[in-house]
Amino acid sequence: MIVLQRGRKQGQDTGSDAAELRKMTYLPASLWSGFFWLTTLAALVYGGGILLELIHLG
Amino acid sequence: MSPERSQVLVIGSGLLAFALSVVLWRVVRFVVTIAHEGGHAMVASMMGGTVESIKVFSSRDPRGRGATAFRGVGPLGSFFTALAGYLGPSAFGIAGAMLLAHDWTVAVLWLTLFFLLLALFQIGNPLGAVAVVATGAVIVLVLRVRLPGPADVLRVHLDLGSCSAAGSGT
(Lines give C-alpha, C1' and ligand atoms only; values in the text may rest on other atoms or scores of the structure.)
Protein backbone atom coordinates (compact mmCIF):
# COMPACT_ATOMS: atom_id res chain seq x y z
CA MET A 1 0.00 0.00 0.00
CA ILE A 2 2.84 2.39 0.84
CA VAL A 3 4.45 1.54 -2.50
CA LEU A 4 1.18 2.31 -4.33
CA GLN A 5 0.82 5.65 -2.54
CA ARG A 6 4.44 6.63 -3.21
CA GLY A 7 4.03 5.84 -6.91
CA ARG A 8 0.86 7.92 -7.07
CA LYS A 9 2.51 10.91 -5.36
CA GLN A 10 5.45 10.80 -7.78
CA GLY A 11 2.93 11.21 -10.59
CA GLN A 12 4.12 8.10 -12.40
CA ASP A 13 0.88 6.27 -11.82
CA THR A 14 -0.54 5.14 -15.13
CA GLY A 15 -0.71 1.39 -14.75
CA SER A 16 -1.50 0.75 -11.08
CA ASP A 17 -4.60 -1.10 -9.95
CA ALA A 18 -6.01 2.14 -8.52
CA ALA A 19 -5.51 3.80 -11.93
CA GLU A 20 -7.13 0.82 -13.68
CA LEU A 21 -10.11 1.00 -11.33
CA ARG A 22 -10.44 4.76 -11.94
CA LYS A 23 -10.66 4.10 -15.68
CA MET A 24 -13.25 1.37 -15.15
CA THR A 25 -15.48 3.13 -12.62
CA TYR A 26 -14.86 6.87 -13.21
CA LEU A 27 -14.26 7.15 -9.45
CA PRO A 28 -10.96 8.84 -8.48
CA ALA A 29 -7.89 6.68 -7.89
CA SER A 30 -7.47 8.29 -4.44
CA LEU A 31 -10.80 6.75 -3.43
CA TRP A 32 -9.61 3.30 -4.50
CA SER A 33 -6.30 3.84 -2.71
CA GLY A 34 -8.23 4.81 0.44
CA PHE A 35 -10.46 1.76 0.06
CA PHE A 36 -7.38 -0.50 -0.12
CA TRP A 37 -5.90 1.17 2.98
CA LEU A 38 -9.14 0.60 4.90
CA THR A 39 -9.50 -3.05 3.88
CA THR A 40 -5.82 -3.75 4.64
CA LEU A 41 -6.05 -2.22 8.12
CA ALA A 42 -9.39 -3.96 8.78
CA ALA A 43 -7.82 -7.29 7.76
CA LEU A 44 -4.87 -6.64 10.10
CA VAL A 45 -7.22 -5.99 13.04
CA TYR A 46 -9.48 -8.95 12.18
CA GLY A 47 -6.61 -11.38 11.57
CA GLY A 48 -4.83 -10.18 14.71
CA GLY A 49 -8.06 -10.60 16.66
CA ILE A 50 -8.39 -14.20 15.46
CA LEU A 51 -4.79 -15.07 16.34
CA LEU A 52 -5.04 -13.39 19.77
CA GLU A 53 -8.27 -15.32 20.37
CA LEU A 54 -10.17 -12.08 20.91
CA ILE A 55 -12.43 -13.09 18.02
CA HIS A 56 -13.86 -16.59 18.22
CA LEU A 57 -14.74 -18.37 15.01
CA GLY A 58 -17.82 -20.52 14.82
CA MET B 1 -1.55 -24.52 25.72
CA SER B 2 -2.32 -21.77 28.23
CA PRO B 3 -3.84 -18.60 26.80
CA GLU B 4 -1.10 -16.33 28.23
CA ARG B 5 1.70 -18.24 26.54
CA SER B 6 -0.26 -18.38 23.31
CA GLN B 7 -0.71 -14.60 23.32
CA VAL B 8 2.99 -14.09 24.05
CA LEU B 9 3.71 -16.30 21.01
CA VAL B 10 1.27 -14.40 18.77
CA ILE B 11 2.48 -10.93 19.79
CA GLY B 12 6.13 -12.00 19.62
CA SER B 13 5.68 -13.57 16.17
CA GLY B 14 3.79 -10.50 14.97
CA LEU B 15 6.51 -8.11 16.14
CA LEU B 16 9.21 -10.35 14.66
CA ALA B 17 7.36 -10.53 11.33
CA PHE B 18 6.92 -6.75 11.30
CA ALA B 19 10.60 -6.13 12.14
CA LEU B 20 11.74 -8.60 9.45
CA SER B 21 9.42 -6.97 6.89
CA VAL B 22 10.90 -3.54 7.60
CA VAL B 23 14.55 -4.69 7.65
CA LEU B 24 14.26 -7.15 4.73
CA TRP B 25 11.63 -5.28 2.70
CA ARG B 26 13.76 -5.58 -0.47
CA VAL B 27 13.33 -9.36 -0.19
CA VAL B 28 9.96 -9.63 1.57
CA ARG B 29 8.26 -7.43 -1.02
CA PHE B 30 8.68 -10.22 -3.60
CA VAL B 31 6.52 -12.48 -1.43
CA VAL B 32 3.93 -9.70 -1.12
CA THR B 33 4.04 -9.21 -4.91
CA ILE B 34 3.42 -12.94 -5.45
CA ALA B 35 0.40 -12.77 -3.11
CA HIS B 36 -0.82 -9.62 -4.92
CA GLU B 37 -0.52 -11.14 -8.39
CA GLY B 38 -1.85 -14.43 -7.01
CA GLY B 39 -4.97 -12.56 -5.88
CA HIS B 40 -5.47 -11.22 -9.42
CA ALA B 41 -4.86 -14.66 -10.94
CA MET B 42 -7.18 -16.48 -8.52
CA VAL B 43 -10.12 -14.12 -9.04
CA ALA B 44 -9.57 -14.01 -12.83
CA SER B 45 -9.87 -17.82 -12.79
CA MET B 46 -12.92 -17.71 -10.53
CA MET B 47 -14.54 -15.24 -12.97
CA GLY B 48 -14.18 -17.83 -15.71
CA GLY B 49 -11.11 -16.23 -17.27
CA THR B 50 -7.81 -17.71 -18.38
CA VAL B 51 -4.61 -16.57 -16.67
CA GLU B 52 -1.94 -16.25 -19.35
CA SER B 53 1.08 -15.10 -17.38
CA ILE B 54 2.14 -13.89 -13.95
CA LYS B 55 5.22 -11.65 -13.89
CA VAL B 56 7.24 -10.28 -11.00
CA PHE B 57 9.39 -7.21 -11.78
CA SER B 58 12.52 -5.90 -10.09
CA SER B 59 12.10 -2.94 -7.74
CA ARG B 60 13.53 -0.50 -10.33
CA ASP B 61 11.17 -1.60 -13.09
CA PRO B 62 8.97 1.29 -14.32
CA ARG B 63 6.13 -1.15 -15.07
CA GLY B 64 5.53 -1.61 -11.34
CA ARG B 65 6.00 -4.59 -9.04
CA GLY B 66 4.27 -7.25 -11.07
CA ALA B 67 1.66 -7.96 -13.72
CA THR B 68 -0.92 -10.64 -14.35
CA ALA B 69 -2.19 -11.14 -17.91
CA PHE B 70 -5.59 -12.75 -18.36
CA ARG B 71 -8.43 -12.92 -20.86
CA GLY B 72 -12.08 -13.88 -21.07
CA VAL B 73 -13.41 -12.37 -17.83
CA GLY B 74 -15.81 -9.68 -19.14
CA PRO B 75 -16.29 -6.17 -17.69
CA LEU B 76 -17.55 -7.22 -14.25
CA GLY B 77 -14.87 -9.88 -14.04
CA SER B 78 -12.22 -7.29 -14.91
CA PHE B 79 -13.48 -5.10 -12.10
CA PHE B 80 -13.28 -7.87 -9.47
CA THR B 81 -9.92 -9.02 -10.83
CA ALA B 82 -8.56 -5.46 -10.51
CA LEU B 83 -9.83 -5.29 -6.92
CA ALA B 84 -8.28 -8.64 -6.04
CA GLY B 85 -4.64 -7.57 -6.14
CA TYR B 86 -4.46 -5.38 -3.05
CA LEU B 87 -7.01 -7.56 -1.27
CA GLY B 88 -4.99 -10.72 -2.04
CA PRO B 89 -2.31 -10.61 0.69
CA SER B 90 -4.91 -9.59 3.32
CA ALA B 91 -7.30 -12.35 2.26
CA PHE B 92 -4.56 -15.00 2.31
CA GLY B 93 -3.50 -13.70 5.74
CA ILE B 94 -7.02 -13.96 7.19
CA ALA B 95 -7.48 -17.43 5.70
CA GLY B 96 -4.18 -18.45 7.33
CA ALA B 97 -5.21 -16.97 10.67
CA MET B 98 -8.52 -18.88 10.53
CA LEU B 99 -6.71 -22.16 9.86
CA LEU B 100 -4.22 -21.45 12.68
CA ALA B 101 -7.10 -20.73 15.05
CA HIS B 102 -8.24 -24.31 14.36
CA ASP B 103 -4.66 -25.56 14.94
CA TRP B 104 -4.27 -26.51 11.27
CA THR B 105 -0.72 -25.18 11.20
CA VAL B 106 0.64 -27.70 8.70
CA ALA B 107 -2.35 -27.13 6.37
CA VAL B 108 -1.35 -23.45 6.10
CA LEU B 109 2.12 -24.48 4.90
CA TRP B 110 0.87 -27.12 2.42
CA LEU B 111 -1.83 -24.83 1.02
CA THR B 112 0.76 -22.08 0.54
CA LEU B 113 2.96 -24.55 -1.30
CA PHE B 114 0.01 -25.67 -3.45
CA PHE B 115 -0.87 -22.08 -4.46
CA LEU B 116 2.80 -21.32 -5.18
CA LEU B 117 2.89 -24.37 -7.47
CA LEU B 118 -0.24 -23.13 -9.30
CA ALA B 119 1.46 -19.74 -9.75
CA LEU B 120 4.62 -21.43 -11.01
CA PHE B 121 2.64 -23.11 -13.84
CA GLN B 122 1.69 -19.69 -15.24
CA ILE B 123 4.79 -17.71 -14.31
CA GLY B 124 5.80 -15.38 -17.12
CA ASN B 125 9.38 -14.23 -16.46
CA PRO B 126 12.58 -15.67 -14.92
CA LEU B 127 12.58 -13.31 -11.91
CA GLY B 128 9.04 -14.46 -11.13
CA ALA B 129 10.14 -18.10 -11.26
CA VAL B 130 13.06 -17.38 -8.92
CA ALA B 131 10.78 -15.53 -6.49
CA VAL B 132 8.15 -18.31 -6.44
CA VAL B 133 10.71 -21.14 -6.09
CA ALA B 134 12.63 -19.29 -3.35
CA THR B 135 9.42 -18.67 -1.40
CA GLY B 136 8.44 -22.32 -1.81
CA ALA B 137 11.88 -23.39 -0.60
CA VAL B 138 11.40 -21.44 2.64
CA ILE B 139 8.01 -23.12 3.16
CA VAL B 140 9.57 -26.56 2.56
CA LEU B 141 12.28 -25.75 5.12
CA VAL B 142 9.64 -24.79 7.68
CA LEU B 143 7.72 -28.03 6.91
CA ARG B 144 10.88 -30.07 7.43
CA VAL B 145 11.70 -28.60 10.85
CA ARG B 146 8.13 -28.90 12.15
CA LEU B 147 7.79 -30.75 15.39
CA PRO B 148 5.20 -33.32 16.53
CA GLY B 149 2.73 -31.28 18.58
CA PRO B 150 1.62 -27.68 19.11
CA ALA B 151 3.25 -27.64 22.55
CA ASP B 152 6.65 -28.47 21.05
CA VAL B 153 6.26 -25.83 18.35
CA LEU B 154 5.34 -23.31 21.03
CA ARG B 155 8.39 -24.25 23.11
CA VAL B 156 10.72 -23.85 20.15
CA HIS B 157 9.23 -20.44 19.36
CA LEU B 158 9.66 -19.28 22.94
CA ASP B 159 13.25 -20.60 23.07
CA LEU B 160 14.06 -18.84 19.80
CA GLY B 161 12.56 -15.65 21.22
CA SER B 162 14.67 -15.75 24.37
CA CYS B 163 17.80 -16.63 22.35
CA SER B 164 17.41 -13.65 20.03
CA ALA B 165 16.60 -11.36 22.95
CA ALA B 166 19.76 -12.50 24.76
CA GLY B 167 21.76 -12.22 21.53
CA SER B 168 20.77 -8.66 20.85
CA GLY B 169 21.54 -7.66 24.43
CA THR B 170 25.22 -8.57 24.25
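The values are calculated or read from the model by the stated rules, or taken from the named source; none is laboratory data. In this text, all values refer to a predicted model and were calculated from it rather than measured experimentally. Note that we place each Cβ from the backbone using ideal geometry, even for glycine, and neighbour counts take in every protein chain shown. Ligands, DNA and RNA are stripped out before the accessible areas are found, and what is left, the full protein with its side chains, is counted by its heavy atoms. Shrake-Rupley method; radii C 1.70, N 1.55, O 1.52, S 1.80 Å.
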- Query: In segment B:69-88, which residues are without any contact (Cβ under 8 Å) to a residue 40 or more places away in the chain and farther than 21 Å from A:F35 by Cα?
  - Reply: B:F70, B:R71, B:G72, B:V73, B:G74
- on the phi > 0 side of the Ramachandran plot and either at the interface with chain B (Cβ under 9 Å from one of its Cβ atoms) or modelled with pLDDT under 75 (or both) - does that describe any residue in segment A:27-41? no
- Note on the structure: How many residues of segment B:17-36 are away from chain A (no Cβ under 11 Å) and in contact (Cβ under 8 Å) with a residue 40 or more places away in the chain? The answer is 4
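Restrict the check to segment B:3-11 and report whether at least one residue is polar (S, T, N, Q), more than 11 Å from chain A (Cβ to nearest Cβ), in a helix (DSSP H, G or I) and out of contact with any helix residue (DSSP H, G or I) (no Cβ under 7 Å at 6 or more places or on another chain).
No, segment B:3-11 has no match at all.
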- Restricting segment B:94-106 to residues that are open to solvent by less than 40 Å² (accessible area, probe 1.4 Å) and free of Cβ contacts under 8 Å to residues at least 12 places away in the same chain, the residue that is nearest to B:N125 (Cα to Cα): B:I94
- Message: Suppose we filter segment B:60-85 for residues that are touching a helix residue (DSSP H, G or I) at 6+ places or on another chain (Cβ under 7 Å) and either farther than 19 Å from A:K23 by Cα or in a loop (DSSP other than H, G, I, E, B) (or both); how many remain?
- Response: 3
